[in-house]
Ligand SMILES: Cc1ncc(COP(=O)(O)O)c(C=O)c1O
């Protein structure tokens, strides 16, 4: 009888790595035996899901993906994500699990941790990393659970200033994020004249508010941070300092931006943005916080880790440490700078007059159209981007800006000259929006929508232009 390393015989186990011919024949026989079993059916047999997948694949192939938080992960990451690691329960941590059968899962998690520390050039004697968080938002909440008591104070960049929901977002009338519901939050802001973080005001407010946790990091901030300054402020009010580098982690790992690890106690990141891995998160912490962070993730916030995701993260992190990835990260920034420059040449207002990272924020106020309208027409032309508040906006419902990002199309091979084309397309979309609004003779979104069909032909031509251009740049599917 043929047995694999776990001692399973071939009747119980499809062990594809074995090259032995007899073994493979036996698997084929077993598969035939189970042919009618739903367990062995292929995805293509589920027509409903398969058809949606096909449509989504076509959409991705034919679209210009400019959403700053998105990327195209690699074939190897997707393969790792779709493995039998998904079958395994492994509550706990390597060597300390609540279930049996975790010999190889332990190896996988330890490998992922090792690669995470290596990718970010961290000394394992000084830093620990938890790789189990399901995504960025739960990772941040786990940090709060670890370091804060209910009702303790935290301070992060305000959402309209570019910050993230999970950094304590509340409106005047409602606490939106659980980070504002369970903790007391007071945001800091960007200056309304420069759109840059107002470090002076931040310091004054922090000294008064005395947060226990100060958060640096954002979702829509095109400039780098003065982490040293944040450390000084945190020290002045006795706060922990956390960086949420969800957006910029790939650029930080490639040492193209300032290094938060020099100054912070904890650093969180998603793994699916610039880092180009599967959807997940990492929590890095100084060794003295290891037990608190690990306990806050499991058992306080989560159950079993998603081991297939951890496999995908491990694969992505090995890529991040490569020279090829570093060159990719350099191109992401060069392309963003080019996009900002070209858009400026088309008379767009660029927030902060440029970018240090992968994000370009465009203020449409002077064009007289809202981010909602721009996003809508862009989507009809196969261009994905998102409306975004500009710090001076009075209402979050009608933001004046759009946020653009270069990581995804750079993964598909776009270079500087391709981003000149992107700017041209965005200019054409903007011109079309202005025409539609003029035809509608109103600023209302509903009137705008009612008049779109009058420009069907122009929309069709633009969509085809975008689609034909994008199709030439491959992505793993
Ligand atoms: C800065 C920042 N932190 C956290 C998150 C949350 O990540 P997730 O969507 O994976 O929960 C995001 C997502 O956009 C983000 O931009």
- Message: Expected output is a single nm value to one decimal: the length gained when fully extending between residue 226 and residue 51, i.e. 0.36 nm times separation in residues minus the C-alpha distance. What is it?
- Response: 58.2 nm
- Message: Can you compute the radius of gyration and Dmax for the stretch 332-470, using only the Cα atoms, both in Å?
- Response: 14.5, 41
- Equivalent-ellipsoid semi-axes (√(5λ), Cα gyration tensor) for the stretch 272-371, whole Å, largest first? 37, 19, 13
- Order these peptides, 101-108, 397-404, 451-458, 211-218, by their mean beta-carbon neighbour count within 10 angstrom, highest first. 211-218, 397-404, 101-108, 451-458
- Message: Expected output is a single nm value to one decimal: the length gained when fully extending between residue 151 and residue 59, i.e. 0.36 nm times separation in residues minus the C-alpha distance. What is it?
- Response: 28.7 nm
- Message: Test of understanding: extend the Cα→C-beta vector of residue 288 to 7 Å, then name every residue of the stretch 208-234 with backbone N under 20 Å from that spot.
- Response: 211-216, 228-234
- Query: What are the extents of the Cα atoms of the stretch 183-268 along their three principal axes, listed from largest to smallest and rounded to whole Å?
  - Reply: 37, 31, 22
- Given 20 Å bins starting at zero, what is the percent of C-alpha pairs of the chain in each, up to the one with the largest pair distance? 22, 51, 24, 3
- Message: In Å, what Kirkwood hydrodynamic radius results for the stretch 80-320 from the alpha-carbon pair distances?
- Response: 18.1
- Note on the structure: Of 81-90, 326-335, ordering from highest average Cβ density within 10 Å down gives 326-335, 81-90
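The numbers here are math on the coordinates, done by the rules we state, and not lab data. For clarity, every value in this text was computed on a predicted model and none was experimentally measured. Using ideal geometry, Cβ is built from the backbone for each residue, glycine included, and neighbour counts are taken over all protein chains shown.
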